[in-house]
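So the structure is just underneath, and the comments pick up after that.
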Amino acid sequence: MQASLSLPALSHAVPRSNYVVQSALPLPPYKPINLRFCGLHREALGFSHLAHSDSHRVRLSAPSRSATISASSSSGNASPPKSFDYDLLIIGAGVGGHGAALHAVEKGLKTAIVEGDVVGGTCVNRGCVPSKALLAVSGRMRELQNEHHLKALGLQVSAAGYDRQGVADHANNLATKIRNSLTNSMNSLGVDILTGVGTILGPQKVQIGSSDKVVTAKDIIIATGSVPFVPKGVEVDGKTVITSDHALKLEFVPEWIAIVGSGYIGLEFSDVYTALGSEVTFIEALDQLMPGFDPEIGKLAQRVLINPRKIDYQTGVFASKITPAKDGKPVTIDLIDAKTKEPKETLEVDAALIATGRAPFTQGLGLENVDVATQRGFIPVDERMRVIDANGKLVPHLFCIGDANGKMMLAHAASAQGISVVEQVTGRDHVLNHLSIPAACFTHPEISMVGLTEPQAREKAEKEGFEVSIAKTSFKANTKALAENEGEGLAKLIYRPDNGEILGVHIFGLHAADLIHEASNAIALGTRIQEIKFAVHAHPTLSEVLDELFKSAKVAHVSSPVSEPVAV
């Protein structure tokens, strides 16, 4: 039996920012995390087509004023009920809603979840889950097609091929399996699944579908997620001009496909399409590919993921108009200069994938009944996910998590936010540290990150008056990576040399998405470099990439581990 060693944080030096115990806190201005990763920053796209304009932005009270909750200020046209059908009602049964529901049951809450489409939401049905099935296929194809790699391992394999429908079925079957698993888990725990679109009628009241069925709940969580964002001038036909929703069905593999946007969605699909034989052209509005990544990681990723493959690209251009293929004519894409708006050229391709990010799905929720105005479609919330009305006041007993609030558009972030809300409504104040939430791009090799990029860290350091140091390790020095003949990769640590605070970690290489969690957990727990250096990693494993990374950092004042030795 192995003994486990806990490395607690230094409480006097590191605040545990995930847990805050205060009865009244000031309400800061609504400001989403500036997560510049793969186009996830919600304000980068400018959702001008959505229902509410900038004139409806919520004006919040100054930070010095305490946040107040007033039922009368946000009650709309109805009064709150005196008794409730449920302790907690969740609108939206995606990953965020599911995570909140399971935690609520664990806390003893009578819980219901409302779903107007299918359980699992975007992630399970049209996002994370089926895309990983396609990427698993592309990974296998790349291995089988890489004769040099196989020869180095002493392997000989005949030419690899694939069955398109079989690949598509794999993705669909996986989504079905996970969707059923989520449904069964909620049913087995006693969560009521209410079918229909949830519409807020007033405080603590929700109408289910178009019927007269109205349910009440002490607390309500909005978890309605997002949909693909399609810019103006783009005509989507679902066949030759598609979004990620259509691409995951893999109804055909074009010879030449243009991908509009080089964020994580575009990168992952470029990995799939090129592995299956397509040529890809990236169209990126900014001046460089992968603008949301740490620049150093982005340059390395471009050298490995784009330059050697059948991929070309145009940067600094907008696709002002995209017309689907019709009557034997190809898809046409009119490009204009992103800065001058002058016409540049017209591309003719077999297909176009629109990968320009996602927009919140918040229309038709009845938000006007509780005096809530969205900001570019997003529901304004504070750091505790409490919904803020048009007057800057908190709406009693109403929360919003996940893509709908725009703080961090990741499925696991939505789940973490939902769990945080449940903690609050059951009496334990909790604030989620979004800088501790990791993100990953599942290309081959993978990319992962947590915390700040180097430019963000240096900007913060300049404002707050501290120094920033960088440590790096290569996968070429890792035994396990070399055994796999996968030495291409880099891990990068951004930290404060004066106190050992971890500001950010970025990884490009084999299983980077799995390796990042040691760093994200360290940030979440407030663990400093001088503490985590004493952690022991199995040899030979890829985890030693992080071990060497932390050990190579130079911290001014290194303290000994706080915990006592464990006798075995």
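The values are calculated or read from the model by the stated rules, or taken from the named source; none is laboratory data. Keep in mind it's a predicted model, so treat the numbers as computed, not measured. Cβ sites come from the backbone with ideal geometry, for glycine too, and all protein chains shown count toward neighbours. To get the accessible areas, we keep the full protein, side chains included, count just its heavy atoms, and leave off ligands, DNA and RNA. Shrake-Rupley method; radii C 1.70, N 1.55, O 1.52, S 1.80 Å.
Matching residues to (1) among the acidic types (Asp, Glu); (2) under 23 Å from the mean Cα position of the chain (by Cα); (3) in a helix (DSSP H, G or I); (4) not assigned by the TED database to the domain that holds HIS412:
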| residue | (1), (2), (3), (4) |
| --- | --- |
| LEU134 | no, yes, yes, no |
| HIS148 | no, no, yes, no |
| LYS151 | no, no, yes, no |
| LEU155 | no, no, no, no |
| GLN165 | no, no, yes, no |
| ALA168 | no, no, yes, no |
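Looking across ASP350, ASP312, ASP287, one residue alone is outside the structural domain of LEU144 (by the TED database) and either in contact (Cβ under 8 Å) with a residue 60 or more places away in the chain or more than 23 Å from THR443 (Cβ to Cβ) (or both). It is ASP350. Evaluating ASN485 against the criteria (1) at pLDDT 95 or above; (2) over 25 Å from ASP294 (Cα atoms) leaves one unmet condition, (1). For region 497-531, the set of residues classified as buried (at least 21 other Cβ atoms within 10 Å of the Cβ) and either closer than 18 Å to VAL468 by Cβ or outside the structural domain of ALA439 (by the TED database) (or both) consists of GLY500, ILE502, LEU503, GLY504, VAL505, HIS506, ALA519, ALA522, ILE523, ARG528, ILE529, listed by residue number. Taking region 205-224 as the range and being part of a loop (DSSP other than H, G, I, E, B) and either among the hydroxyl-bearing types (Ser, Thr, Tyr) or open to solvent by less than 20 Å² (accessible area, probe 1.4 Å) (or both) as the test, the residues that pass are SER210, SER211, ALA223, THR224. If the condition is being closer than 19 Å to THR240 by Cα, of a type in the set (D, E, K, R) and in a strand (DSSP E or B), then region 327-351 contributes LYS329, ASP334, GLU348.
Looking at the structure I just gave you, is LYS177 touching an Asp or Glu at 6+ places or on another chain (Cβ under 6 Å), basic (Lys, Arg) and not in a loop (DSSP other than H, G, I, E, B)? In short, no.
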